[in-house]
1. Which condition does residue 27 not pass, out of (1) out of contact with any Cys (no Cβ under 9 Å at 6 or more places or on another chain); (2) at pLDDT 95 or above, if it passes all the others?
2. Which of the following residues is assigned to a helix (DSSP H, G or I), hydrophobic (A, V, I, L, M, F, W, C) and touching a strand residue (DSSP E or B) at 6+ places or on another chain (Cβ under 9 Å): 3, 20?
3. Only residues that are among the basic types (Lys, Arg) and farther than 12 Å from residue 107 by Cα: list them for region 170-189, please.
4. From the list 40, 121, 95, 44, which residue is in contact with a strand residue (DSSP E or B) (Cβ under 9 Å, 6 or more places away or on another chain), of a type in the set (A, V, I, L, M, F, W, C), modelled with pLDDT under 95 and over 19 Å from residue 13 (Cβ atoms)?
5. Given the criterion over 23 Å from residue 17 (Cα atoms) and of a type in the set (Lys, Arg), identify the matching residue among 124, 101, 66.
6. Please go through region 150-180 and pick out each residue that is outside any helix (DSSP H, G or I) and either modelled with pLDDT of 95 or more or in contact with a Lys or Arg (Cβ under 8 Å, 6 or more places away or on another chain) (or both).
7. Of all residues in region 24-41, count the ones that are in contact (Cβ under 8 Å) with a residue 12 or more places away in the chain and surrounded by 13 or more Cβ atoms within 10 Å (Cβ to Cβ).
8. Evaluate the following for residue 149: is it in contact with a Gly (Cβ under 6 Å, 6 or more places away or on another chain) and within 28 Å of residue 23 (Cα to Cα)?
Amino acid sequence: MKLLLVGPQGSGKGTQAKLLAGKLETPHISTGDICRNQTAEKLAEIKSYIDKGSLYPDEKMLELLKERLERDDCERGFILDGFPRNLKQAEMLDAITEIDKVIEINISDEEAVKRLGGRVACEKCGRGFNTVTIPPKEEGKCDKCGGKLVQRADDTEDAIRKRLGIYHGETEPMLEKYDSIKINGEQSIENVREDILKALA
């Protein structure tokens, strides 16, 4: 099965994709992971766009995605997370593969702000925590190395709401192209997973 997982920031789609990949025995394909696993030369090219405040061009991202989907482990299907994010990208994706099912993990903007606003990471070792869902044993201190926990610049409330605005304006209209199934993401991780599996049955 070729499955596409969609949801606003903080909906837990990455977590669900990993759980489903194990259950369905199909790879979890994340555009973020694809970019991180490139050669040093390609990584430098991607970083040059990000440093300028630009997105990596759709055409280049699609090339990397096509390359990944052509690997043997995708023969039985895959779980795609992070692409497409708008109608133009969805049409580009059509040119390289067909999607069988689309699951939208839905949460309110307030829930997204609450979840993402709690994200912190250790400035020494990079380990991530969430003051709401996975708090450190000692406030402001990394469990692993004792380093200081800091919030990412793009996890402030203003930045989160700006990203949610883009999701509502560009990604949600794209869902009309697909016969997507909406799942309530404001449940426990286990219940969300069970609801997705029921929808796919």
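The values are calculated or read from the model by the stated rules, or taken from the named source; none is laboratory data. Since we're looking at a predicted model, the values are computed, not measured. With ideal geometry, Cβ positions are generated from the backbone for all residues, glycine too; neighbour counts draw on all protein chains shown.
1. If we test residue 27 against (1) out of contact with any Cys (no Cβ under 9 Å at 6 or more places or on another chain); (2) at pLDDT 95 or above, just (1) comes out false.
2. On inspection, the qualifying residue turns out to be 20.
3. Quick first cut of region 170-189, residues among the basic types (Lys, Arg) only: 177, 182.
The answer is 177, and nothing else.
4. Numbers: 40 fails: in contact with a strand residue (DSSP E or B) (Cβ under 9 Å, 6 or more places away or on another chain); 95 fails: in contact with a strand residue (DSSP E or B) (Cβ under 9 Å, 6 or more places away or on another chain); 44 fails: in contact with a strand residue (DSSP E or B) (Cβ under 9 Å, 6 or more places away or on another chain).
Among 40, 121, 95, 44, only 121 is in contact with a strand residue (DSSP E or B) (Cβ under 9 Å, 6 or more places away or on another chain), of a type in the set (A, V, I, L, M, F, W, C), modelled with pLDDT under 95 and over 19 Å from residue 13 (Cβ atoms).
5. Details: 101 fails: over 23 Å from residue 17 (Cα atoms); 66 fails: over 23 Å from residue 17 (Cα atoms).
That would be 124, the only listed residue that is over 23 Å from residue 17 (Cα atoms) and of a type in the set (Lys, Arg).
6. Within region 150-180, the first condition is being outside any helix (DSSP H, G or I), and the residues that meet it are 150-152, 156, 178-180.
Correct list: 151, 152.
7. To start, the set of residues in region 24-41 that are in contact (Cβ under 8 Å) with a residue 12 or more places away in the chain comprises 24-32, 34-35, 38.
Still in the running and surrounded by 13 or more Cβ atoms within 10 Å (Cβ to Cβ): 24, 26-31, 34-35, 38.
Residues meeting the conditions: 10.
8. On the way: in contact with a Gly (Cβ under 6 Å, 6 or more places away or on another chain): yes; within 28 Å of residue 23 (Cα to Cα): no.
The answer is no for residue 149.
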